[in-house]
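Here the structure comes first, spelled out in structure tokens, and everything after it is commentary.
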Amino acid sequence: MTHSPVVALREITEVDRAAVEALTVSAEQDDYVAGVAESLVEAAETPDAAPWFRAVYADDEPVGFLMLSDGITVEHPDYLGPYFLWRILIDEHHQGRGYGAAALALAVTQVRSHPDARVLLTSAVPGAHSPLGFYLRHGFRRTGEVRDGEIVLELDLSDAGAPTT
């Protein structure tokens with residue numbers, strides 16, 4: 001009998017920060033997702049974007065990183081929102097185990113905790129190793145908008161088909 005790890009989103013602390021920042025995607029995926037350290041800097045530099053970030057854990061091992069805009073309250077031409085999945089990264093050694101889908105479902109639960117949340121947006125650069133297919137398989141739909149070369153996607157949070165935990 002095999003053990004299915006419990007996937008959870010945890011706050012990043014000084015104790016685990018280096019281990020979380022060391023998580024990386026494959027070289028082929030590198031052009032499609034920014035690294036954890038860069039993401040944390042971006043979050044610190046854009047507080048108006050309401051960054052909410054967590055390490056993705058499988059049991060007690062960090063396996064990924066997730067960041068979203070969790071209720072943007074200001075008007076800014078660069079921000080999509082108010083709820084925007086900014087980043088989801090699963091370390092290359094932990095991909096293919098369902099951790100990304102589980103992390104996405106937990107992010108949806110977080111966004112749904114806001115009574116006004118109707119749609120979760122994200123975007124993806126198209127290409128051979130793009131996460132676009134992942135998002136489409138998990139209920140996101142193309143909005144028809146393209147921003148800075150990225151296809152904008154939306155997940156209707158009222159849909160029964162939206163990911164849940």
(request) Please find the FRET efficiency linking HIS114 to THR24, where r is the Cβ-Cβ separation and R0 is fixed at 41 Å, and quote it to the nearest 0.05. (result) 0.85
(request) Provide, as a two-decimal number, the C-alpha radius of gyration of region 7-156 over 2.2 N^0.38 Å, N being how many residues it has. (result) 0.98
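Each reported figure results from applying straightforward, stated rules to the coordinates on display, with no laboratory input. Here the structure is a predicted model, which means the values were calculated and not measured. Heads up, the Cβs are rebuilt from the backbone with ideal geometry, glycines too, and the neighbour counts pull from every protein chain shown.
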